[in-house]
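See below for the structure under consideration.
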Number of protein chains: 2
Amino acid sequence: MKQIICIIFLLVFSLAKSQQNLIRYVNPLIGTKKMGHTFPGATVPFGSVQLSPDTDTIPYAINGNYTGTVYKYCAGYQYDDPTIAGFSHTHFSGTGHSDLGDFLIMPTAGKLQLNPGTAAEPEAGYRSAYSHSTEVAEPNYYKVLLEDHNILAELTATTRTGMHQYTFPAVDSAHIIFDLTHGIYNYDGKNVWTFIRLENDTLLTGYKQTNGWARTRTVYFAMSFSKPVLSYGFIGAKTSVYRGFWRRFEQNKNFPEMAAAEVKAHFDFKMKEGEKLKIKFALSPVSSANALQNMLIENPGWNFEQVKNDGQQQWNNELSKITVDALNKDDLVNFYTAMYHSFLGPTVYMDVNNEYKGLDQNMHRAEGFTNYTTFSLWDTYRALHPLFIIIQPGRNTDMIQSMLAHQQQSVHKMLPVWSHYANENWCMSGYHGVTVIADAVAKGNTGFDMNKALEACISTSNTSYYDGLGHYIRNGYVAEDKRPGTSVSTTLEYAFDDWAIAQAAKKLGKDEIYATYMKRSENWRNVYDSSVGFMRPRLSNGAFRKDFDVLSTHNQGFIEGNAWNFSLFVPQNPVGLISRMGGSKKFVTHLDSLFTMHLPDKFFEETEDITRDGIIGNYVHGNEPSHHVAYLYNFTHQPWKTQDKVRMILKNQYKPTVDGLGGNDDCGQMSAWYIFSSLGFYPFAPGSDEYQLGSPSIKSAALKFENGNTFFIETVNQSDNNVYVSKILLNGVTVNKHSIRHQDIMNGGKLVFYMSEKPTKK
Amino acid sequence: MKQIICIIFLLVFSLAKSQQNLIRYVNPLIGTKKMGHTFPGATVPFGSVQLSPDTDTIPYAINGNYTGTVYKYCAGYQYDDPTIAGFSHTHFSGTGHSDLGDFLIMPTAGKLQLNPGTAAEPEAGYRSAYSHSTEVAEPNYYKVLLEDHNILAELTATTRTGMHQYTFPAVDSAHIIFDLTHGIYNYDGKNVWTFIRLENDTLLTGYKQTNGWARTRTVYFAMSFSKPVLSYGFIGAKTSVYRGFWRRFEQNKNFPEMAAAEVKAHFDFKMKEGEKLKIKFALSPVSSANALQNMLIENPGWNFEQVKNDGQQQWNNELSKITVDALNKDDLVNFYTAMYHSFLGPTVYMDVNNEYKGLDQNMHRAEGFTNYTTFSLWDTYRALHPLFIIIQPGRNTDMIQSMLAHQQQSVHKMLPVWSHYANENWCMSGYHGVTVIADAVAKGNTGFDMNKALEACISTSNTSYYDGLGHYIRNGYVAEDKRPGTSVSTTLEYAFDDWAIAQAAKKLGKDEIYATYMKRSENWRNVYDSSVGFMRPRLSNGAFRKDFDVLSTHNQGFIEGNAWNFSLFVPQNPVGLISRMGGSKKFVTHLDSLFTMHLPDKFFEETEDITRDGIIGNYVHGNEPSHHVAYLYNFTHQPWKTQDKVRMILKNQYKPTVDGLGGNDDCGQMSAWYIFSSLGFYPFAPGSDEYQLGSPSIKSAALKFENGNTFFIETVNQSDNNVYVSKILLNGVTVNKHSIRHQDIMNGGKLVFYMSEKPTKK
């Protein structure tokens, strides 16, 4: 017996040793300054709990007036801020609109304060100054010294629980502030209801309901202290209720039930010098009973180091799905931080017993799959889900199952547009859920009922009351006078999504459906105005709108883009587009101009989501609609320009610094672009099983697949100057085109890029 | 086969014939004028859905100012009102504070109006004039003509569903107004959240969350129309949410998701002359999925008459548990309407699958019992639950199981005080849940774990932070300076409840507990001031409060009563009280004064809950603390005075008219007093198995028990003048005392009262 244990120990030890320590290349602080909108806190891959410091609590609006600064706080944290308000348990990574920031916990010492105070007057509240010199951010670990209180804060997490470890000075009046009114994109009235019970002197349960980006969102919790609470109390604002005999006895102090629209509670302790107070905090989408069960099953003990190490091991496992060798450490940091950011969402949205809340606000059970939420599909259908198909195929089918469950629960019978926490927030445009499904069908990532999935796509694409879709179906385009502001981009997106549906139908042998949707996929032609050479808003009477500015992003018919960028959005038919725009030569000139022209400041200033750094000429990498654009050269007579543009973007738009992301990371889409492009290929048109080849920036890489195969990518003569590809060998055979098929990758093998300083103008 | 069907038919027919049609004696309109606070709508016995017209929607407060008129609308309906706002699905019967009125439906014809309008300006809203001449109110059936719209409205119900039948004139724009903002005891901010989905063109689901008397209350629904909706829309107020791209497409018209703090929706139809639109409306405490299941299982068809008849049959079954012969029809109407009112609550609070929401807001499953809610225990422990022990013993143990589940779910580990819909509203005082349990234990109504129940009683009675209880436990009384306003009545109530606990402990052989609680039960002595001969507020320093008015009900230490009434509240030890108050002679003089003295108007005016008719001298029958008082004479040398007082109260306080109840019916407590007293006995001190004998007003009665026995009560020489009892025979044997034991009744047999014009002064 002893021998066996010994052998097992050695095996585990050697396995752990054989795996590289890749988390050392991850810097969660990248993107936390300016527009990246990433968060630095603790989480496991795809974790429900993403426990992170929030540096400010700017409301969206005060008395109905937009504050103008809330946008900075999509992830709760801005690197330049001097104070931390506390640690909340849910965050989006890289979004351009926001929500969450649930259940803020802040340890304090001394005077009890139940308001956070402001950045200008931090001493007026519970917030604390901190310094980046004491800050450590690693995958699944965050540490900082809260200077005002002299409390060392450490955070870690499991999938459904957060774990806090606070090392106190000697203090008689130590407090845990539990502010349920705190939230990201908060505003007066966002908090609908908050409910807390002190079940015993170490256990709290309850929930919080908000009316924000998710219109009807309820999150349940269970919270456990490592030592008994001595006393407690709360303030409950916004509850203009007749209380009957409420006042006959005290219900705000040491009374174990608290409920109001806005509860701010405190729990008091006496701490010795260096004593640690630990907190476990479990979430559930269904009930506080489930939250408690999640805690008991997933995080039963109090060993902070163990929880941290387990999560970091999970990260190493996920990161090691691609091992790369790079030209320098910066590229490694960029690569693995991109991997890290790609694995922050969608997040698990299901209890350990498989229960979750559905769109109908009823409890559902995920049968045979893990349910996920946070589908930022306008962003992520482009490269993130394609990346998952390669290195997270199991999760990707679970995500598709989650989307299909959403569609079943939807009264519209629509796949998600932008959904989170049992809500459809209708953000952005199109119905790109269909593309995620079609891409999986095309690539054989098929752990779901494909015929049912195709039906879901068709149902989604025929919801006539959705965003101009009726007019689009009847007339071939969204009319600008009917849906002012975004009619052109929506037409282009519908047409692309329709093409993706056609691809899935073709694969499933549904020829009629294929024909119908291929026809719809050509609707991009209906908004192309050949007289100006751009896509242009068209009115319901058939005429193009007279008033039109090709540089402005404001009210010109495009969402997050101007006519220059969005007119190139026909990934389903680049050859057709080039032809329509006057042929390869004219098109290349047009593309070249995009990257080199000067965009006057006034147009940049209207553009959301990006810093000036997120723009190259008039090419906007910080927003998604141009993510395929650099690869368009592949379809022209000057394909080598894809290679230098891709390398330029990789260098220019991704830096291993806190302000290294030029635009929102958008739930991993920006990062997924980096991963693909740095490896040398890109899913130009999801729904096809083809990738466009670019120019890898890595030296070599090994992609280890769930099917057991490994795909090696190697470069010869790689350097920062040698950005052109002179030759490509796939398993020793020359590749004579600018694309590679999915199956070529998934079968395993070796792809060798020969790099050169000069383009090969064949 | 034909023969068998024939025989079955004959059997059913003769069974139905053999049962009397008792519902004809029930007039649900009794108590709907002035202070009865009963509702006239449709419900089955103990039904979850109590579907009734609401005649006004006076808010509790406008801009924080108490309107002063909301109190009239505890049941939603006041007989004198000229208009009906609509029909809502949940109502309390006879309460003195209120909540509910959920999910108002109003059919209208012509112009769409989404506000109810006011009584002064009814044409400004959807409300309609009606006339009592078109109004029919029967058990499980309500009918009225909505004159403004010329729509005949009919209502009926099953336990968990309401059914509406609206007969329309020919109208192209017919509407069903579905006002989720409507509610009883409404005020600005009471509606926390409302959520609706149109699942298909005949089915709606959703929920409503309120913050009212129940602090955190959510009710779920499913609603089905008998014909498809043509169009629909809503107004959603109080949702100051940033909507992202909400405005990009229309979401308020024909968009099947609606959510806001305050949704008012309309559903449009085209109706032919005389065409009926039917609606089924199911409730659930757990989820809209459960509500739908409740509908499908409990009310699957569209046969309105069948649903009405089934419910009326249920009523006949329940009412026929006591068949009486009376001196006149008025007495029959009083008796059976009292029976009807006694069976309106507690209400079933559980889905067909046994799921319900608990105090922790989690879903629970009732294992082996039916879960009930609406426990107005300060009222109902006195006579309603004792009545249930006799004629509804199965339901009473289910109610106790429900209370024990509440206690298990309570963070305080307390039995309900006043609870409804998964909430403790802490209304009134004491912890009378223990008495309901003790009474059941004492009387052998024991379908529950009695030792666990005793533990629940002990836990409840030791919650030191509850309403002065800590001081009471330590010092033997609640200190007026610590709990100003109700310290004396609370002391008296605690002492009585403690005695009840002692009785249960004795029955279970727990002698120590018995001794402890018997000692506590004598705490009434600590607030008796012999210098004035009344119970009196006592300060924490031991002194009686100087300032004291024995007639005032305001701030004198008593809840719903003055010192005259409440000083007599020692049901656990009437002999001790009489002795303490100077002996029988002095006590009788005191009691006589109570019934005959003049209470100046100014003191009446402070008294809530009753009309001037609810007072006899200074004896207040309309409030509960005096309900045992008439029976106190039994313990003196002039017991016959109990007999004439009881008969006087029966005559004086209960009339078969719309304003026939002098005070709130209080969830059936006033009615249960009538039933007991008219039968000749009363549960003077619940927790004891003894009933005090009074003077029956019926001619004869047969009580059919669930144990199969029947107990006959007969009178000889009964008349309105012959109010005195000269002799009593139990199964032929003379009863030589003024009480009878529970077992004597439950064994079946015959009790004969010999009535006389003159008292028998033995």
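The values are calculated or read from the model by the stated rules, or taken from the named source; none is laboratory data. Bear in mind that the values here come from a model prediction, so they are computed numbers and not experimental data. Positions of Cβ are generated from backbone atoms using ideal geometry, with glycine treated the same way; all protein chains shown enter the neighbour counts. Protein only, heavy atoms only, side chains kept; ligands, DNA and RNA dropped before computing areas. Shrake-Rupley method; radii C 1.70, N 1.55, O 1.52, S 1.80 Å.
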Kindly evaluate B:Leu568 against the criterion of being open to solvent by less than 10 Å² (accessible area, probe 1.4 Å), touching a residue at least 12 places away in the same chain (Cβ under 8 Å) and over 28 Å from the mean Cα position of the chain (by Cα). no
Across the range A:289-325, the tally of residues that are part of a loop (DSSP other than H, G, I, E, B) and either touching a helix residue (DSSP H, G or I) at 6+ places or on another chain (Cβ under 7 Å) or under 15 Å from A:Val44 (Cα atoms) (or both) stands at 3
Of the residues in the range B:145-157, those that are crowded, with 23+ Cβ neighbours inside 10 Å and aliphatic (A, V, I, L, M) come to B:Leu146, B:Ala153, B:Leu155, B:Ala157
Flagged in the range A:335-366 as in contact (Cβ under 8 Å) with a residue 24 or more places away in the chain, outside any loop (DSSP other than H, G, I, E, B) and open to solvent by 20 Å² or more (accessible area, probe 1.4 Å), in numbering order, are A:Glu355, A:Lys357, A:Met363, A:His364
Counting only residues that are in contact with an Asp or Glu (Cβ under 9 Å, 6 or more places away or on another chain) and either assigned to a strand (DSSP E or B) or at pLDDT 85 or above (or both), the range A:223-242 contains a total of 11
Checklist entry - For the range B:404-414, does any single residue satisfy the condition of being at positive phi, within 14 Å of chain A (Cβ to nearest Cβ) and open to solvent by 20 Å² or more (accessible area, probe 1.4 Å)? => result yes
Does B:Tyr372 satisfy the criteria of being within 14 Å of chain A (Cβ to nearest Cβ) and either closer than 28 Å to B:Arg217 by Cβ or modelled with pLDDT of 95 or more (or both)?
no
B:Phe496: passes all of (1) assigned to a helix (DSSP H, G or I); (2) within 14 Å of chain A (Cβ to nearest Cβ) but (2)
Of (1) assigned to a strand (DSSP E or B); (2) away from chain A (no Cβ under 14 Å); (3) touching a strand residue (DSSP E or B) at 6+ places or on another chain (Cβ under 6 Å), B:Thr159 satisfies every one except (1)
- Is there a residue being open to solvent by 20 Å² or more (accessible area, probe 1.4 Å) and either touching a residue at least 60 places away in the same chain (Cβ under 8 Å) or of a type in the set (A, V, I, L, M, F, W, C) (or both) anywhere in the range B:576-589? no
Among the residues of the range A:417-426, are any β-branched (Val, Ile, Thr) and open to solvent by less than 10 Å² (accessible area, probe 1.4 Å)? yes
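Listed here are the residues, each with its yes/no results for (1) open to solvent by 20 Å² or more (accessible area, probe 1.4 Å); (2) touching a Lys or Arg at 6+ places or on another chain (Cβ under 9 Å); (3) closer than 26 Å to A:Gly86 by Cβ; (4) not assigned by TED's automatic domain parsing to the domain that holds A:Pro393.
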| position | (1), (2), (3), (4) |
| --- | --- |
| A:Gly233 | no, yes, yes, yes |
| A:Met258 | no, yes, yes, yes |
| A:Phe267 | no, no, yes, yes |
| A:Glu275 | yes, yes, yes, yes |
| A:Ala282 | no, yes, yes, yes |
| A:Asn328 | yes, no, no, yes |
The residue from B:Tyr142, B:Tyr126 that alone is in contact with an Asp or Glu (Cβ under 9 Å, 6 or more places away or on another chain), part of a loop (DSSP other than H, G, I, E, B), more than 14 Å from chain A (Cβ to nearest Cβ) and surrounded by 24 or more Cβ atoms within 10 Å (Cβ to Cβ) is B:Tyr126
Residue hits (the range A:499-525; open to solvent by 50 Å² or more (accessible area, probe 1.4 Å) and either within 14 Å of another protein chain (Cβ to nearest Cβ) or within 19 Å of A:Ser464 (Cβ to Cβ) (or both)) are A:Thr516, A:Lys519
Residues in the range A:540-562 that are touching a residue at least 40 places away in the same chain (Cβ under 8 Å), touching a Ser or Thr at 6+ places or on another chain (Cβ under 9 Å) and among the aliphatic types (A, V, I, L, M) total 1
Over the range A:375-393, the set of residues aromatic (Phe, Trp, Tyr), away from chain B (no Cβ under 14 Å) and closer than 27 Å to A:Val411 by Cα is A:Phe375, A:Tyr381
Reported set for the range B:453-480 where residues are more than 14 Å from every other protein chain (Cβ to nearest Cβ) and either over 26 Å from B:Ala440 (Cα atoms) or in a loop (DSSP other than H, G, I, E, B) (or both) is B:Ser461, B:Asn462, B:Arg474, B:Asn475, B:Gly476, B:Tyr477
| message | Quick check on the range B:663-684. Is at least one of its residues open to solvent by less than 10 Å² (accessible area, probe 1.4 Å), in contact with a strand residue (DSSP E or B) (Cβ under 7 Å, 6 or more places away or on another chain), of a type in the set (Gly, Ala, Ser) and not in a loop (DSSP other than H, G, I, E, B)? | response | yes
Restricting the range A:85-123 to residues that are under 23 Å from A:Ser231 (Cα atoms) and open to solvent by 30 Å² or more (accessible area, probe 1.4 Å), the one farthest from the chain's Cα centre (by Cα) turns out to be A:Lys111
All-but-one check, B:Thr446 against (1) of a type in the set (Val, Ile, Thr); (2) at pLDDT 95 or above; (3) in a loop (DSSP other than H, G, I, E, B), failing number (2)
Matching residues in the range B:191-204 (touching a Phe, Trp or Tyr at 6+ places or on another chain (Cβ under 9 Å) and at the interface with chain A (Cβ under 7 Å from one of its Cβ atoms)) number 4
Inside the range A:390-421, the number of residues satisfying the requirement of being closer than 22 Å to A:Asn747 by Cβ and either among the aromatic types (Phe, Trp, Tyr) or free of Cβ contacts under 8 Å to residues at least 60 places away in the same chain (or both) is 2
Discussion item. So for the range A:639-647 (the condition being part of a loop (DSSP other than H, G, I, E, B), under 21 Å from A:Leu327 (Cα atoms) and open to solvent by 10 Å² or more (accessible area, probe 1.4 Å)), does at least one residue qualify?
Written reply: no
Exactly one of B:Pro625, B:Pro656 is within 17 Å of the chain's Cα centre (by Cα), outside the structural domain of B:Ser489 (by TED's automatic domain parsing), farther than 19 Å from B:Thr589 by Cα and of a type outside the set (S, T, N, Q), and that one is B:Pro625
Taking the stated definitions as given, is B:Leu319 within 14 Å of chain A (Cβ to nearest Cβ) and either of a type outside the set (Val, Ile, Thr) or closer than 14 Å to B:Cys667 by Cβ (or both)? no
The condition from (1) within 14 Å of chain B (Cβ to nearest Cβ); (2) open to solvent by 30 Å² or more (accessible area, probe 1.4 Å); (3) at pLDDT 95 or above; (4) over 16 Å from A:Ser226 (Cβ atoms) that A:Gln209 misses is numbered (2)
